[in-house]
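Where a number appears in this text, it was derived from the coordinates with a stated rule and is not lab data. Quantities reported herein were computed from a predicted structural model and do not represent experimental measurements.
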Amino acid sequence: MLNLHRLFLMHELRRLETMSAVAKAHSMSPSAVSQQLSHLERETKVTLFEQAGRRVILTDAGMQLARRAEEMLSLLEATEAELEMAQGEASGVLRVASFQTPLIALAPATVSILEQRHPELRIELAQREVEAAYEGLLAHRFEVILGEDYPGGRRVVRRGTDREDLLRDPLLLVLPDSGPWSVPGSLAELADAPWALDPEDTRTGDWARTYLRAAGVEPRVRFDTPDPLLQVHLVRSGHAVAFLPGIIASEHLGGTRPLRLPGDPHRSLYTAARAGAAGQPALLAFRAALLEAGGTLSDLHALDRLER
């Protein structure tokens, strides 16, 4: 019988393309990965790899086995989820990865709901940006992740994952409540303002600069930081203006002046899990609690709107 761990490494080699990448993703040495996959080749009595310069590539038979390995791993997870569902209670450990703002706004309420309704379930939270979270999900280090899509950006859907929409989060302009940047009539009047923006190579930073340039504003980025709470503090202290997500408005934008933007842009928040585990009771409980926590966020309809 084929060894499941070796099949998993075979699947990972197809996904990550090099043995060194597989080794790094799973805290193994490249030689240990090579030994395991060589053992798998001997078990199958079929040539699974070929040398191409310094790299090892999969043969047609190796590629087919890697595809079957992915199917088997997904089927195993689906079977485990069915058995857990038959037990009737969400329990065990659920490992979650999320970027910062959902952790700030949703994690405390979500964990409280789960502690009350599913006391045998323990949530472990790790802060990761979306790409790193996806890598951890596909490498089986996390069971579920939170992600985001921005207006005009590519909708992220990874093969072999189950994606579920969470909420639409308005993107706000946040200004100091006094001083020269507190009452602009339009975005154009902020052309000379000091901005606090996410780095340009992030989804948030790319969207912010694209949105401003479409409005005829080349932002003077004085503070280049991915930390939304630092951005809020810089705005509150009168040193910057910023774009911030509405999800943190209810508790963290005090002492500032948040405004809805022209065009009412939103980002989309979602959860993603491996497709085979989508029916896992712990995952279903987490997603339900997360939706409930999201439903308690303050209504932002009353905010003033900036004119074009």
Using alpha carbon centers only, segment 163-226 is separated from segment 89-160 by a whole-angstrom value of 26 Å
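Relative contact order, percent, of segment 31-148 when contacts are C-alpha pairs under 8 Å separated by at least 6 residues? Present the calculation step by step, with values, prior to reporting the outcome.
Working: 109 pairs, mean separation 26.2, N = 118.
It comes to 22 percent, rounded to a whole number.
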Normalised per residue, the volume inside the convex hull of the alpha-carbon atoms of the chain in Å³ amounts to 151 Å³
extent check for segment 77-191: Cα max minus min per principal axis, descending, whole Å, gives 61, 34, 19
At q = 0.12, 0.24 1/Å the base-10 log of I(q)/I(0) from the Debye formula over the alpha-carbon atoms of segment 66-145 is -0.43, -1.16
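To one decimal place, what orientation-averaged projected area in nm² is obtained for the convex hull of the Cα set of segment 1-56? Don't skip to the answer; put the middle values down first.
Numbers: hull surface 14.4 nm².
Result: a mean projected hull area of 3.6 nm².
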Largest fluctuation, 52, 249, 277 only, Gaussian network model of the chain with Cα springs under 10 angstrom, belongs to 52
In vacuo Debye sum over C-alpha of segment 169-265, base-10 log of normalised intensity I(q)/I(0) at q = 0.11 Å⁻¹, listed in q order, is -0.25
Once the mean of 1/r over all distinct C-alpha pairs in segment 15-114 is inverted, the Kirkwood radius in Å reads 17.3 Å
Rounded to whole Å, √(5λ) for the Cα gyration tensor eigenvalues of segment 206-308, largest first, gives 31, 17, 15
